[in-house]
Amino acid sequence: MGLLNASQLAVRAARCCLSPLSTSKSWLSTKTTPLGDKNILLMGPPGAGKTTVGKIVAHKLGLPVVDVDDDVLETAWKMPVAAKLAAVGGKRFLEEEGQALCNFSASGCVVSLTGSNPLHAEAMQHVKQGGLVVYLDVDSEDIIQRLTRMKVNRIVGQEAGVSMSDILRYRKQFYEKWLDVRVLCGTGDTVEEVAEKVLKAVRRYQNHDEETFVSTRCDGAGRSDQKTYFSDVVVEGLAADGGLYVPRNGFPKIDAREWLRLASMSYQERALVLLEKCIHPLDVSALDLRAMIFKAYGSNFSSEAIAPVKHLTHNQYVQELFHGPTASFKDLALQLMPQLFAYCLPPMCNYLILVATSGDTGSAVLSGFSRLSGVDRNRTGVLVFFPEEGVSEIQKLQMTSYREGNARAVSVLSDFDFCQRTIKRMFGESGLTGHLAVEYGTVLSTANSINWARLLPQVVYHSSAYLDLCRDGVIKFGEPVDVCIPTGNFGNAMSAVYAKQMGIPIRKVICASNHNCVVADFINTGEYDLRGRPLMPSHSPAIDILKSSNLERFIYHVSDGDSRLVKDLFARLDGQQHFQVPQSLVGRMQQEVQAGWCSEDDCLAAIQSVGAQTGYVMDTHTGVAKVVADRLQDGSCPVVLCSTAHYGKFAPAVFKALQIHNIPEDPVEQLKKLQVAASRPETHGEMMRCLKESVRRRHTVCPADYSVLVEEVESMIQDSFLKVM
């Protein structure tokens, strides 16, 4: 366990101590809950089934059950709750109800709160000290139907002229404020099913040690006492043995009725529910996670839908992943990841984030970390390495515009693979990392997709794309879709595989490469061969990658966690530039993933054709996906093309595809001219604004020399952080 986890657990343990018993009636159980002597507090709107669920849960655990309405309020008031409400009115009722709860104490019980208890802050603070708040998140339509059957047409706080759906929507903010764990109730769930979900949620909260992470290269033998939690992997980035972190027990499986609940939710709400299921609340509390998500996906995105899905042609749909501040899909992860990173930071250290980028990651990392504030920003630096000749002019302008504070980008006279290999080497050299820690109090970390906190948020948008198709009536839940993804480092594709593991009915993940098609060759043959293979420049530079890091996670996944195999394969790749997986594994890979590639001419032709037919202008990476999808997808189900960047980021290539001549030199003028040619998607306003405000600055250009890049790291630390005395 890391220092952070120890301190977090200590803080939470202190917060969970029971308050002294008051002189009023107390409920003391002779047994303990799965949480010791803490109470299980069931919270939710009227009609959520708290009372019945509480009785079932208490019976299964052999614990006393307390219903606040019957056992606390009516006992204290000597009258029915309805009579009290009629006598004093809604506002006074809430205050007296809260005061009654403040005088309540219990230990080791299942407590069913009232629907209005969460509206009284003092009362909720009091009961939460001695219990775990479990929120029964029931669909509003289910609630309204239940209340109608119960002949309840008005609830506490509902003024004349306010509908039941409006008051339930208003109350939801209070439930979200106080929850420790959420029980997402599917449409039509029975009380018995909800009770089982409550028990499962409580057991999950208790068993933090079951949600640990392992390296793809280590089976954990002899290290059973060493627990690596989410908060550890976010900060460490790369495992000590050079492997990548993955959840020890895989992803949680979500049932169809819960997915259907998510279909009607906003992107932010979907992200919250899904990430709550993947991040243990002792690593990141539900309340803090909610704040991060709504900050990450807000007005900084140019579309309220965040990652909208739009019809392209025939059975093809495009998911627009470019509405974030830097106009690429990387924003979907990197507007959230820095907040998670800062939250999980242990005390007393500074952290330098090292990033290798083939174009989009760099500006997205710089943008995301620049939104941190206060101490978090002062303790975190970002240094980006990018290939000088391997990114577009607009990408370069975006990255080099960050020169203030603890963030900068420097270019290297080599390719992305050299940049990525250099960073991995730095992590692996204990002499360097030890020197930086002792001399400067600085620890290295990464924000590339090898970092789990980079990959995890991407699972959300693949899930969201499917849910949008369900919501819009294109498919019914359970019907398959294919997903076609421009593929370089395999992180985007791997997150789609993980979405499938959670229960999204993705039939095939189709990986689309340009002429740097090492991934496509590997999927089709099982042979990964870099010998004598040069990296060739392309119109789609973000996937100009030969050594694909996240393939390691994919091989670990399809080999059922064979870490010895993974370690052996990647040792061969490092030493011999080549490996071949067993033929049996090739079959398993191809059950999950298909792969193809397209030429530069085919990519430009696809952009021209789609633009002429539909008025929709694709960027070059989406063009690659379109060509490969046309070749490999059989048309028997919808296919979602991941549009990973706005066309404006690759304006010269798009001009060439659309056969537009007399191209202006200034990037802003290029975007303006493209805007005239494209009826959709709309111009990316934030990118346009950023380019208008950016000043063309000279930036550092480094030779392809490991020692020179180490010097850049040390210089960055000296400029950013105070030297440890």
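Structure notes:
- Residues of region 623-666 classified as of a type outside the set (G, A, S), closer than 30 Å to S495 by Cα and either open to solvent by less than 40 Å² (accessible area, probe 1.4 Å) or in contact with a Pro (Cβ under 9 Å, 6 or more places away or on another chain) (or both), total: 17
- Of the residues making up region 344-381, those that are open to solvent by 30 Å² or more (accessible area, probe 1.4 Å), over 23 Å from Y229 (Cα atoms) and within 23 Å of the chain's Cα centre (by Cα) are S370, R371, S373, R377.
- Output for region 121-141, where each listed residue is farther than 17 Å from D189 by Cβ and open to solvent by less than 20 Å² (accessible area, probe 1.4 Å): A123, M124, V127, G130, G131, L132, V133
- Here E193 fulfils each of the conditions (1) open to solvent by 40 Å² or more (accessible area, probe 1.4 Å); (2) touching a residue at least 24 places away in the same chain (Cβ under 8 Å) apart from (2).
- Lone unmet requirement of (1) outside the structural domain of V246 (by the TED database); (2) polar (S, T, N, Q); (3) buried (at least 21 other Cβ atoms within 10 Å of the Cβ) for S215: (1)
- Test: residue in region 382-403 that is open to solvent by less than 10 Å² (accessible area, probe 1.4 Å), outside any helix (DSSP H, G or I) and among the small types (G, A, S): no
- Residues in region 668-684 that are more than 18 Å from F322 (Cα to Cα) and out of contact with any Pro (no Cβ under 7 Å at 6 or more places or on another chain) were compared, and the one that is least open to solvent (accessible area, probe 1.4 Å) is A677.
- Scanning region 404-419 for residues that are assigned to a strand (DSSP E or B) and either assigned by the TED database to the domain that holds N516 or open to solvent by 10 Å² or more (accessible area, probe 1.4 Å) (or both) yields A407, R408.
- Of all residues in region 142-163, exactly one satisfies the criterion of being of a type in the set (D, E) and surrounded by 14 or more Cβ atoms within 10 Å (Cβ to Cβ), namely D142.
- Strands (runs of 3 or more DSSP E) enclosed by region 458-569 - at least 1 residues per element that are of a type in the set (K, R), outside the structural domain of R261 (by the TED database) and open to solvent by 20 Å² or more (accessible area, probe 1.4 Å): 506-513
The values are calculated or read from the model by the stated rules, or taken from the named source; none is laboratory data. It should be emphasised that the depicted structure is a prediction, and the values quoted were computed from it without experimental measurement. Methodologically, a virtual Cβ is constructed for each residue, glycine included, from the backbone with ideal geometry; neighbour enumeration extends over all protein chains shown. When the accessible area is computed, the model is the full protein with side chains, heavy atoms only, and any ligands, DNA or RNA have been set aside. Shrake-Rupley method; radii C 1.70, N 1.55, O 1.52, S 1.80 Å.
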